[in-house]
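Worksheet: the structure to be examined is printed underneath.
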Amino acid sequence: MIETDKMRIVNKVKYMQDLSNKIRKDGKTISLVPTMGALHEAHLSLVTEAKRKADVCVVSIFVNPTQFGPGEDYDKYTRNLNGDLGKLKNIGADIVFTPEVDEIYHQGFQTYVEVSELEKHLCGPFRNGHFRGVATVVLKLFNIVKPHVSIFGEKDFQQLKIVQKMVRDLNLEIEILPSPIIREKHGLAMSSRNSYLSPRRKISAFGVFKALSEIKKEFDLGCKISKKIIESGRKILEQSSITDIDYMDICDPETLQSKEIAESGDLLAIAVRLGGTRLIDNIRL
Ligand code: PAF
């Protein structure tokens, strides 16, 4: 454990568990913001919220190998621990839990969590095993950090729903709080992966939010047939030179099942690839 002017940096599971037990024994509450590092403003807004919700705010930084499929960006995923620690210290996180891979996945590790229905939709078919890796690591982080409350961004809406479902199905005594998407210029949803985009591709990426907005506009004008309004978004994507579309879907925000007839409050979600970069975003109708 390292202590930098009050912010503690912990990298051992046992130490973190003992620390959390002590915090709880002292009658204090714990909030957890799970991250994979490469922290930007959207992560920091989760930390700000987490600080408001509990006495002690823990941020985990762990690039989780089990949620990356073969050919995905595990190796090139941005890692900048020193930069991240500086940001977390500035914002006033209390503890940073940043374990090595073999601390989380010991040799012979073989237990996984699957939220079987919710992972069938949206990103699931395009990222085989991704949500199994997410649910597993999140459950492990919950068991290590022992938070009363944990905050998840709505940009990864399917992830948020899967974690909420896991908590309910497995009777975990943790409150899962959603936090709204933070957008940069032209509505581009903040993501660590935006840093992979060249300036030209970044301009193209603005088309993602533009397409979502166009679809919502068509919906607000009265067209409720999902297929039809989604087409208006496809045109915007084409104009922005985005041709590699994993999906654009209108779905029920609880079950994530696609809907032929869109209703107010439904989730409109999108995933596209720009060069080698996969971007996701969503809005509510
Ligand atoms: O959203 C992320 O950064 C990751 O999926 C999470 C929740 C930290 C699990 O590795």
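The values are calculated or read from the model by the stated rules, or taken from the named source; none is laboratory data. Quick caveat: nothing in here was measured; it's all calculated off a predicted structure. Quick reminder, even Gly has a Cβ in these numbers, built from the backbone with ideal geometry, and neighbours come from all protein chains shown. For accessibility, only protein heavy atoms count, side chains too; no ligands or nucleic acids. Shrake-Rupley method; radii C 1.70, N 1.55, O 1.52, S 1.80 Å.
A few notes on this one:
- Net length gained if the chain between residue 41 and residue 177 were fully extended (0.36 nm per residue, minus Cα distance): 47.2 nm
- With the simple model of a label 7 Å out from the Cα in the direction of the Cβ, residue 101 to residue 168 spans 3.5 nm.
- Hydrodynamic radius of region 72-143 per Kirkwood, over alpha carbon pairs, in Å: 14.8
- At R0 = 35 Å, FRET efficiency that the Cβ-Cβ distance of residue 245 and residue 6 yields, to 0.05: 0.15
- Charge dipole of the chain about the Cα centre (unit charges at C-beta), most positive-ward option of 32, 95, 253: 95
- Looking at the chain, the DSSP beta bridges with both ends there are about 50 percent antiparallel.
- Heavy-atom accessible surface of region 186-285: percent carbon and sulfur, 1.4 Å: 50
- Using the empirical formula 2.2 N^0.38 Å as the baseline, the Cα radius of gyration of the chain reaches a ratio of 1.03.
- The distance linking region 160-217 with region 83-142 is 17 Å (Cα centroid to Cα centroid, whole angstrom).
- Counting protein heavy atoms only, region 61-146 has 46 percent of its accessible area on carbon and sulfur, 1.4 angstrom probe.
- Three-way shape call for region 21-62 based on the alpha-carbon gyration tensor, with the a/c threshold at 1.5: oblate
- Alpha-carbon radius of gyration plus Dmax, which is the widest Cα pair, for region 1-135 in Å: 16.0, 46
- Taking each DSSP H run with n ≥ 4 as -39500 (n - 2.57) and averaging over every residue of the chain yields -12000 deg cm²/dmol at 222 nm.
- Distance between modelled label sites at residue 195 and residue 264, nm, 7 Å Cα→Cβ extension: 4.1
- Distance from region 25-67 to region 251-285 (C-alpha centre basis), Å: 26
- Per residue solvent-accessible surface (Å²) - the chain, probe of 1.4 Å: 49
- Kirkwood Rh and Cα Rg combined as Rg over Rh, evaluated for region 139-201: 1.11
- In terms of its Cα atoms, region 179-285 spans 37, 30, 22 Å along the principal axes, sorted from long to short.
- Vicinal HN-Hα couplings computed from phi for region 232-238 (Karplus, 6.51 cos²θ - 1.76 cosθ + 1.60; Hz; Gly/Pro x): 5, x, 4, 4, 5, 4, 4
- In this Cβ point-charge picture (+1 for Lys and Arg, -1 for Asp and Glu), region 81-153 has a dipole of about 160 debye about its Cα centre.
- Taking the chain and dividing mean pair separation by its residue count, relative contact order in percent (alpha carbons under 8 Å, at least six apart): 17
- Under 17 Å of direct C-alpha separation, and excluding same-chain neighbours fewer than eight residues apart, residue 53 reaches these lysines: 28, 146.
- Those trypsin sites (Lys or Arg not before Pro) in region 39-144 that DSSP places in a loop and that have at most 10 other beta carbons within 10 Å: 76
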